[in-house]
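Before any comments, here is the structure.
The values are calculated or read from the model by the stated rules, or taken from the named source; none is laboratory data. Model, not experiment: these values are computed from the prediction. A quick note on method: Cβ atoms are made from the backbone with ideal geometry, for glycine too, and the neighbour counts reach across all protein chains shown.
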Amino acid sequence: MTTLNLKRKFKSHYGLSHGGLTIDVVNPFKSNGMGSDSWNIIIEFYNGNDQDYIYVSEYFETKKQASIFGAKWVQENL
């Protein structure tokens, strides 16, 4: 099972950036006391061409589930 190697940015906020790809996994409730207690993964890809812009946002019960989804998405789409 492949997961993402995310680095902690803030409390309950993890991410990575490489080239035009940015992936963030955030639990808004744990990080700032507001919103859902679910983990939100946000995947953005922008290579300078507006036609290639990709934005994905999904919610999961755990950070691990979000990370697995992100790794699978990268393998299948990039």
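Residues are listed down the side, and each one gets a yes or a no for (1) modelled with pLDDT under 95; (2) of a type in the set (D, E, K, R); (3) in contact with a strand residue (DSSP E or B) (Cβ under 8 Å, 6 or more places away or on another chain):
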| position | (1), (2), (3) |
| --- | --- |
| His18 | yes, no, no |
| Ile23 | no, no, yes |
| Asp37 | yes, yes, no |
| Ile43 | no, no, yes |
| Asn49 | yes, no, no |
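Would you mind listing the strands (runs of 3 or more DSSP E) fully within the chain where at least 3 residues are in contact (Cβ under 8 Å) with a residue 24 or more places away in the chain? Write out each step before concluding.
On the way: elements: 7-10, 13-18, 21-26, 39-45, 54-60.
Where strands (runs of 3 or more DSSP E) fall fully within the chain and carry at least 3 residues being in contact (Cβ under 8 Å) with a residue 24 or more places away in the chain, they are 21-26, 39-45.
Kindly indicate whether Phe10 is loosely packed, with under 13 Cβ neighbours inside 10 Å and either at pLDDT 95 or above or in contact with a helix residue (DSSP H, G or I) (Cβ under 9 Å, 6 or more places away or on another chain) (or both). Judged against the criteria, Phe10 is a match. Scanning segment 51-71 for residues that are over 24 Å from Gly35 (Cβ atoms) and touching a strand residue (DSSP E or B) at 6+ places or on another chain (Cβ under 9 Å) turns up Asp52, Tyr53.
Working only within segment 39-73, note down all residues that are of a type in the set (S, T, N, Q) and either farther than 21 Å from Phe10 by Cβ or crowded, with 16+ Cβ neighbours inside 10 Å (or both). Listed by number, the residues that qualify are Asn40, Asn47, Asn49, Gln51, Gln65, Ser67.
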